[in-house]
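Colleague: Structure below; questions to follow.
FYI, it's all coordinate maths here, none of it is from the lab. Keep in mind that what you see is a predicted model, and the values were worked out from it rather than measured. For neighbour counting, all protein chains shown are included, and Cβ atoms are generated from backbone atoms with ideal geometry for every residue, glycine included.
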Amino acid sequence: MSYIKNITDGFGTAATGMKFTLKHLFSPNVTVQYPNTNPYTEISAVDKIPDRARNRLLLDPDICNGCTSCARACPVDCIEIDTVKVIANDPDQPTLSDGTKRRLWLAKYDINFAQCCFCGLCAAACPTEALKHTTVFDYCTYDVNDLLYHFSTMTPEQIAEKKKLLADEVKAKAAAAAAAKSEN
């Protein structure tokens with residue numbers, strides 16, 4: 001008797017599943033072919049994002065002092081920073097936006113948003129608040145390399161020049177130290 005009950009329950013369950021399937025088979029599609037069709041053109045998606053949402057990062061290079069605290073705080077290592085020390089008699093010695101002398105050139109500042117987990121630890125670790133989250137959340141792209149953002153304000157030629165000036169200054173200091181040591 002339980003065998004026949006199990007068979008009828010099986011048919012009942014299959015009928016319930018088929019009813020659900022047939023109901024959705026003849027209903028209109030709700031799939032949007034994003035990014036070819038953007039559903040957010042009619043409805044403002046920015047209005048629906050909370051103010052404290054952690055989305056795309058934005059760097060202000062005029063405020064960034066190159067301390068690399070954001071890169072050290074990043075749990076997934078998606079921030080890559082390359083700095084060059086400013087020499088003492090640099091004719092182009094930069095200043096920060098608050099007027100203080102910059103000690104490091106910001107040669108490269110890259111964020112790979114394909115790896116970023118948007119945790120906000122980098123923005124929290126930044127002492128100058130140069131790194132902030134924005135409300136931009138749309139990262140749709142066909143190429144993963146488009147998710148690597150470069151925030152450098154220096155050209156590769158300028159970076160090579162600054163590195164050469166620093167190397168020359170280090171050599172001059174080493175030569176002066178060696179000369180002072182040989183005098184003693």
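Colleague: Determine which lysines satisfy two conditions relative to residue 173: a Cα distance under 16 Å, and not lying fewer than 8 residues away in the same chain.
Modeller: Within the straight-line cut-off, residue 173 pairs with 85, 163, 164, 181.
Colleague: Continuing with this model, one more query. Stretched out fully, how many nm does the piece from residue 139 to residue 7 gain, at 0.36 nm a residue minus the Cα gap?
Modeller: That works out to 42.5 nm of additional length.
Colleague: Could I ask something else about it? Using Cβ contacts closer than 10 Å as the measure, can you line up 144, 84, 30 from fewest to most?
Modeller: In order of increasing Cβ crowding within 10 Å: 30, 144, 84.
Colleague: Let me ask something additional. Arrange the following residues from fewest to most other Cβ atoms within 10 Å of their Cβ: 7, 79, 87.
Modeller: Placing the least packed residue first, the sequence is 7, 87, 79.
Colleague: At a 10 Å Cβ-Cβ cut-off, how would you order 57, 148, fewest neighbours first?
Modeller: Lowest to highest Cβ neighbour count: 148, 57.
Colleague: Please compute the net charge surrounding residue 116, taking Lys and Arg as +1 and Asp and Glu as -1 over other residues with Cβ under 13 Å from its Cβ. Intermediate values should be presented prior to the final figure.
Modeller: On the way: positive: 54, 56; negative: 77, 80, 110.
So the surrounding residues net to -1.
Colleague: In whole percent, what relative contact order does the chain give with Cα contacts below 8 Å and a gap of six or more residues?
Modeller: 24
Colleague: Please return the longest stretch of the chain lacking exposed loop sites, where GluC sites (Glu not before Pro) count only if DSSP places them in a loop and at most 13 other Cβ atoms lie within 10 Å.
Modeller: Values: sites that count: 42, 129.
Longest stretch, sites excluded: 43-128.
Colleague: Over all directions, what mean area does the Cα convex hull of region 51-177 project, stated in square nanometres? If you can, show how the numbers build up before the last one.
Modeller: On the way: hull surface 37.6 nm².
Averaged projected area of region 51-177's Cα convex hull equals 9.4 nm².
Colleague: Through the Karplus equation 6.51 cos²θ - 1.76 cosθ + 1.60, θ set to phi - 60°, convert the phi angles of region 12-23 into ³J(HN,Hα) values in whole Hz; use x for Gly and Pro.
Modeller: For region 12-23, the Karplus-derived couplings read x, 5, 5, 5, 4, x, 5, 4, 5, 5, 5, 4 Hz, x marking Gly and Pro.
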